[in-house]
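Below is one structure, written out as structure tokens; comments come after it.
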Amino acid sequence: MKTVFQNTTAARHPLFLTLLASLWLVTLPNIPLWRQLAQLPEVSGLRGGLFGLGLALGIAGLTHALLSLLNWRWLLKPVLTLFLMSAASGAYFMWSYGIVIDATMIVNVAQTDPREAADLLNWRLLLSLGVLGVLPVWWLWRQPVRQVGLLRRAGGNALSFIASIAVLALSLLLIYQDFASVMRNHTQLRYLINPLNSFYAVGRVVAQPLERDNGQVTPIGQDARLTLPAGTPPATLIVVVGETARAGNFGINGYERNTTPRLAGEDIVSMRNAWACGTSTAASLPCMFSHLGKDGHEKRSSNFESLVDVLQRAGLAVLWIDNQSGCKGVCARVPNVNTAALKVSPHCDGGECHDEVMLYQLDQRIAELPAERRARGVVVFMHQMGSHGPAYHKRVPQAFKRFTPECASNALQQCERQQVVNAYDNTIAYTDHFLAETIGWLKKQKGAGAMVYVADHGESLGENNLYLHGLPYAIAPDVQKRVPWITWTSPAFDQQRGLRKSCLQDKKTSPISHDHYFHSVLGITGVRSVEYRPELDVYGSCMTP
């Protein structure tokens, strides 16, 4: 007689479990996809309902076809668990932040450090994982599975695969006209098919080593040299790499809020029409420091050294200071320091090191660089934490929270949009303070000085239910791609380099991009190499030789 502790459920056929999982995955875990479809006017009404049903059957068919190939005794439950948990996670982030999942997003996830990961944790994430993932997985592992012989299992899997592909083909055939039109005009939908989007993206990332030799870094700038006249005193250039900054939220660029009062009081030039080469740090940072430009960088067959290496090879003293999760490899061959984990009061009170910490002991850090290099000039790169979300409220010391009430949660969709904007604008106001303090530091130094500030990418703040960044470039809104580009130079620097600020001001609305970054930094430092392209140097035409 069975005890109450024994599982009396009849053994399930393995293909029943794969079919049930496929049908489950196409329902609640794909709500972000169905929400997007429901908003498309071309597939509304009865026609839209039939299209959605056909698409759901097609997705279920494709999912079941894949699961049929993986339906083996010791693989079945682990594979289904992976599908269910991946779908639960993907559903939460796509629904909450309006993101899509592609190869770039997978790279972002892989490069996320514990501090960034902690910013994403909240009870809504745990609830979503529990309801959409843990509960189905708990049920799955309680089900006894019927034992099927190897040959019968192989035959059953083959028949199941063929039947699933037939369902996929028939479904798409019935809705092909609408399907082709929708997928052509709304390419973002393909990145919402959950969890197949994640597995496809992981496959693209894994396949990259087959397309590109990542084990070797090709040197560039081997002829790099300073071209300044003999006897030119050394200058100090600080290059600030901004994080998640929207050009449109800077007061100096015409924003209705005065988020940049201190920069407005400085003799700066703000280029108002600058565009990023990516929508995430993982994509943009290596790209903007590359000599290849966006298209060339994305199509490269091997990896190359960066702008930082060329400056060092020219004999300058180069230092990289990072208050973020890292430089994505661009600073690997130069002196570098990470300030994010320092315990420096007041800059690091509350467990978060704010960007001003990068100015802490800066004189000492520069003094430790080789004297013969410092005699030629100093270039310091500072990589901000900036406006990194979703926990914008953590990026700003309490004294700089000018816009209230602010969203003090990492679940941005639960805050009123104005609160999200307030929290974000506070990060811009603090960046204004940090940049002004950096300019103040430069003013205290002997000799010529300059600062160049360019952000890696922008940010969505709830427009069209989109938050954060990282959408595929082709479909990303402009707010994720348009970035600030701000230049300050001292009078001594202007005189030394023959720089005409009025000439730069005349260019402030001209379209430029990260493609110009490599060549412009070489130009303003006076470094030349075979990779330098004068037509992409923003400053070159405004300098008198």
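The values are calculated or read from the model by the stated rules, or taken from the named source; none is laboratory data. Computed from a predicted structure; not experimentally measured. Positions of Cβ are backbone-derived with ideal geometry, glycine not excepted, and every protein chain shown enters the neighbour counts. In case anyone asks, the SASA skips ligands and DNA or RNA and just uses the protein heavy atoms, side chains included. Shrake-Rupley method; radii C 1.70, N 1.55, O 1.52, S 1.80 Å.
If ligands, DNA and RNA are left out, what is the accessible area of V217 with a 1.4 Å probe, given in Å² to the nearest 10?
Around 60 Å² of this residue is reachable by solvent.
Restricting to the chain, what percent of DSSP beta bridges are antiparallel, rounded to 5?
About 35 percent, rounded to the nearest 5.
Under 14 Å from a label point 7 Å along Cα→Cβ of L174: give me every residue in the range 55-78 with its amide N that close.
Inside the label zone: 55-61.
Considering only protein heavy atoms and a 1.4 Å probe, what is the carbon-and-sulfur percentage of the accessible area of the chain?
The computed percentage sits at 60.
Helix 196-211: angle to the longest alpha-carbon principal axis of the chain, degrees 0 to 90, nearest 10?
Around 50 degrees separate the two axes.
Can you work out the PRE-style zone for N185? Point 7 Å along Cα to Cβ, and I want the residues of the range 42-59 with backbone N under 17 Å.
From the range 42-59, the list is 42-52.
Net charge within 14 Å of K401 by Cβ-Cβ distance, Lys/Arg positive one each and Asp/Glu negative one each, not counting K401 itself? List each step's numbers first, then the result.
Working: positive: R257, K394, R395, R402; negative: E352, E406, D425, D432.
Within the 14 Å Cβ shell, the charges total 0.
Angle check, please: helix 45-69 long axis (alpha carbons) against the longest principal axis of the chain (alpha carbons), in degrees 0 to 90, nearest 10.
90 degrees
Extension gain A371-L126, at 0.36 nm per residue separation less the Cα-Cα distance, in nm? Present the calculation step by step, with values, prior to reporting the outcome.
Details: separation 245, 0.36 × 245 = 88.20 nm, distance 5.35 nm.
Between A371 and L126, full extension yields 82.9 nm more.
Round to a whole angstrom and tell me the spacing of the C-alpha centers of the range 25-58 and the range 528-545.
The range 25-58 and the range 528-545 have Cα centres separated by 52 Å.
Do any GluC sites (Glu not before Pro) in the range 380-481 lie in a loop, going by DSSP, with at most 15 other beta-carbon atoms within 10 Å of their beta carbon, and if so which? The partial results should precede the final answer.
On the way: sites: E406, E416, E437, E459, E463; in loops: E406, E416, E459.
Qualifying residues, ordered by number: E416.
If each residue of separation counts as 0.36 nm, what is the full-extension length gain between Q147 and Y200 once their alpha-carbon separation is subtracted?
Extending this stretch completely gives an extra 16.0 nm.
If contacts are Cα pairs under 8 angstrom and at least 6 residues apart, what is the relative contact order of the chain in percent? Provide the component values of the computation, followed by the final result.
On the way: 949 pairs, mean separation 110.3, N = 545.
This gives 20 percent for the chain.
Might you tell me the accessible area per residue for the chain, computed with a 1.4 Å probe and given in Å²? Working shown, then result.
Working: 23870 Å² over 545 residues.
Each residue of the chain exposes 44 Å² on average to a 1.4 Å probe.
Hey, can you grab everything whose amide H is under 5 Å from the amide H of R12? Only 5+ residues off in sequence or another chain; H modelled, so Pro and N-termini drop out.
Here the answer is V145, R146, since their amide H atoms fall under 5 Å of that of R12.
Listed highest first by mean packing, meaning other Cβ atoms within 10 Å per residue, what order do 224-236, 485-497 come in?
Values: 224-236: 14.7, 485-497: 20.1.
Ranked by mean Cβ neighbours within 10 Å, highest first: 485-497, 224-236.
Between the range 147-179 and the range 313-363, what's the alpha-carbon centroid distance in Å?
54 Å
Taking amide H positions as placed in the peptide plane 1.01 Å from N, state which residues far from L499 in sequence (5 or more) or on other chains have amide H under 5 Å from it.
Distant-sequence amide H within range of L499: T544.
Between Q361 and L342, what length in nm is gained on full extension when 0.36 nm per residue of separation is reduced by their alpha carbon distance? Please report the intermediate quantities before stating the final value.
Details: separation 19, 0.36 × 19 = 6.84 nm, distance 1.20 nm.
Value of the extension gain: 5.6 nm.
So, in nm, how far is label K299 from label R12 when the simple model puts each one 7 Å beyond its Cα toward the Cβ?
So the two model labels end up 4.9 nm from each other.
For a 32 Å ceiling on Cα separation, which of these pairs sit above it: K294/K444; K401/K508; K444/K481; K401/K446; K394/K446; K401/K481? It would help to have the intermediate numbers written out before the result.
On the way: K294/K444 37 Å; K401/K508 29 Å; K444/K481 35 Å; K401/K446 34 Å; K394/K446 35 Å; K401/K481 26 Å.
From K294/K444; K401/K508; K444/K481; K401/K446; K394/K446; K401/K481, over 32 Å: K294/K444; K444/K481; K401/K446; K394/K446.
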